[in-house]
Amino acid sequence: MEQYVIKGGNPLVGEVEIGGAKNAALPIIAASLMTNDTVHIDNIPDVRDTDVLLKSIQTMGVFVERTGRHSLTINASQIQHLVVEDDNIKKIRASYYLIGALLAKYKRVEVALPGGCNIGSRAIDLHIKGFRALGAEVTIEHGLIKTKAERLLGSHIYMDSVSVGATINVMMAAAMAEGTTIIENAAKEPHVVDLANFLNSMGAGIKGAGTDVIRIKGVPKLHGTDYTIIPDQIEAGTYMFAAAITKGDVTVKNVIPKHLESISAKLLEIGCEVEESDDAVRVVSSKPLQHTHVKTLPYPGFPTDMQPQIAVALALSQGTSIVTETIFDNRFKYVDELTRMGASIKVEGNTAIISGVNKYTGASITVPDLRAGAALILAALAADGYSTVEEIQYVARGYEDFHLKLQSLGAQIEVVDSERALQKFKLKTG
Ligand code: UD1
């Protein structure tokens, strides 16, 4: 089984190119099935989640051609199956985006219930409420969400809580409904805006994405497009925190600094220097890190997908910090692993009380989920001595070339698949 072996202690220094946003690419790939014309997409991240979705749509009869590592051509004029339950699709959360997209175009679809990271109960009631408000019949049977509608009719939908997935899904279905749909209390994440821009480039009538009221004037048909996905806010944020945690100096390139504001604000608060330019952000960590409090919130608040990374930094800061997780109910599973590296953290409900320590020490750790995995790897890069990291396939779900990009910043990290390879790494770096 492949694992990472890491020798910690090197500050990460240099520049790193950020890829396209995974959480924008997934709904955009699904939405490209809403037209019979050909769609070209650029800046697709080469990560496992997008790969799984692409394999799955191919089993439905969709033509998919990778025209480069990050570019794709998709044509969905020959879809043969409207029941999607292959083994691939069950692995990812974003499988449910096929419901909004295909319900819009074909007025019926059945998709296996979503998988994805186990970070708490992940309900889909708001998605279902939205589809029903548009006139669809929705049932859950034999592990499938089954939807069908005679017609989809525009509606006024209030989201009881802010949900990225439900906002995106309902936006797709409403894009081809008759009349106007208004989504209130919509999610404002950059990837919600990116999907709206993508759909508009295909002829949809969506206004207000990025605010909490989205107005969608349905159209009967969408056409082909050529579109470039926005940079990944969370990948960028992870490397920014890598600089903070390892006392380094990292410039993330090809980013939209506005999307990183809540992350930059917290880095400044804990004593890092942050320099922004048009499409890059540099983070320098030269002073002892300071404690702070942070609460995860929907955009533009501090992202829940950055919660483990900031906790790893705060656990190395001076003083006591409090991290409150308000989005998911089981997102502190990495704390036990971090404790084994020397952190002092007490979790009470949705709050982690962190007493800063001076250093981490290397340990054998197991990745519990995607973002926590990245955060634990950053901790290992800052730790004294060697760490091994198991279950690294979770990290590949959302980070392209993670260890290669870290190596280019000076990290001592390698993928090994045997005790011999591990010993060889130790000899080389000892
Ligand atoms: C997306 C992201 C994920 C990120 C999250 C929050 C993708 C593929 N994943 O997940 O990386 O952590 O946004 O920014 O884009 N909820 C309900 N009912 C619903 C839907 C959601 O109660 O029908 C709850 C969830 O349980 C959760 C909260 O709303 O507590 C937020 O979830 P949501 O914004 O929907 O997250 P995802 O779209 O699943």
> Hey, among Thr238, Thr246, Thr251, which residue is modelled with pLDDT of 95 or more, more than 17 Å from Leu316 (Cβ to Cβ) and of a type in the set (Val, Ile, Thr)?
Replying inline: Thr251
> Got a number for residues in the stretch 67-111 being within 16 Å of the ligand (Cβ to nearest atom) and not in a loop (DSSP other than H, G, I, E, B)?
Replying inline: 14
> Out of (1) among the aliphatic types (A, V, I, L, M); (2) surrounded by fewer than 16 Cβ atoms within 10 Å (Cβ to Cβ); (3) away from the ligand (no atom under 16 Å from the Cβ), what's the single condition that is false for Ile140?
Replying inline: (3)
> Val170 versus (1) in contact with a Lys or Arg (Cβ under 9 Å, 6 or more places away or on another chain); (2) of a type in the set (Val, Ile, Thr); (3) surrounded by fewer than 24 Cβ atoms within 10 Å (Cβ to Cβ): which is the lone unmet condition?
Replying inline: (3)
> Under 7 Å by Cβ, and 6 or more places apart or on different chains, what pairs join a residue from the stretch 87-101 that is hydroxyl-bearing (Ser, Thr, Tyr) with one that is assigned to a loop (DSSP other than H, G, I, E, B)?
Replying inline: Ser95/Pro114; Tyr96/Pro114; Tyr96/Ile124
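If I go through the stretch 49-66 residue by residue, how many of them are of a type in the set (Gly, Ala, Ser) and either open to solvent by 10 Å² or more (accessible area, probe 1.4 Å) or assigned to a strand (DSSP E or B) (or both)?
Applying the first criterion (of a type in the set (Gly, Ala, Ser)) to the stretch 49-66 yields 56, 61.
Filter again for either open to solvent by 10 Å² or more (accessible area, probe 1.4 Å) or assigned to a strand (DSSP E or B) (or both), leaving 61.
Here the count works out to 1.
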> Are any residues in the stretch 1-31 within 11 Å of the ligand (Cβ to nearest atom), in contact with a Ser or Thr (Cβ under 9 Å, 6 or more places away or on another chain) and open to solvent by 10 Å² or more (accessible area, probe 1.4 Å), and if so, which ones?
Replying inline: Lys22
> If we keep just the residues of the stretch 302-327 that are open to solvent by 10 Å² or more (accessible area, probe 1.4 Å), out of contact with any helix residue (DSSP H, G or I) (no Cβ under 6 Å at 6 or more places or on another chain) and within 16 Å of the ligand (Cβ to nearest atom), which is nearest to Leu267 (Cα to Cα)?
Replying inline: Pro303
> For the stretch 146-159, what are the residues that are open to solvent by 20 Å² or more (accessible area, probe 1.4 Å) and part of a strand (DSSP E or B)?
Replying inline: Lys146, Lys148, Leu153, His156, Tyr158
> What is the number of the single condition among (1) surrounded by 16 or more Cβ atoms within 10 Å (Cβ to Cβ); (2) over 22 Å from Arg397 (Cα atoms); (3) modelled with pLDDT under 95 that Met34 does not meet?
Replying inline: (3)
> Checking Ala352 against (1) closer than 30 Å to Leu53 by Cα; (2) open to solvent by less than 30 Å² (accessible area, probe 1.4 Å); (3) not acidic (Asp, Glu); (4) not in a helix (DSSP H, G or I), which single condition isn't satisfied?
Replying inline: (1)
>> Go through the stretch 278-301 and report how many residues are within 16 Å of the ligand (Cβ to nearest atom) and either free of Cβ contacts under 8 Å to residues at least 12 places away in the same chain or in a loop (DSSP other than H, G, I, E, B) (or both).
In response: 5
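When the residues of the stretch 302-322 are narrowed to those that are part of a helix (DSSP H, G or I) and polar (S, T, N, Q), which ends up nearest to Val13 (Cα to Cα)?
First, the residues of the stretch 302-322 that are part of a helix (DSSP H, G or I): 304-314.
If we keep only those that are polar (S, T, N, Q) as well, we get 304, 307, 309.
Working: Thr304: 26, Gln307: 23, Gln309: 18 Å.
Applying the filter and picking the extreme gives Gln309.
The values are calculated or read from the model by the stated rules, or taken from the named source; none is laboratory data. What you see is a predicted model, and the numbers here were worked out from it, not measured in a lab. So basically every Cβ, Gly included, is an ideal-geometry build from the backbone, and we count neighbours across all protein chains shown. Just so you know, the surface numbers come from the protein's heavy atoms only, side chains and all, with ligands and any DNA or RNA stripped out. Shrake-Rupley method; radii C 1.70, N 1.55, O 1.52, S 1.80 Å.
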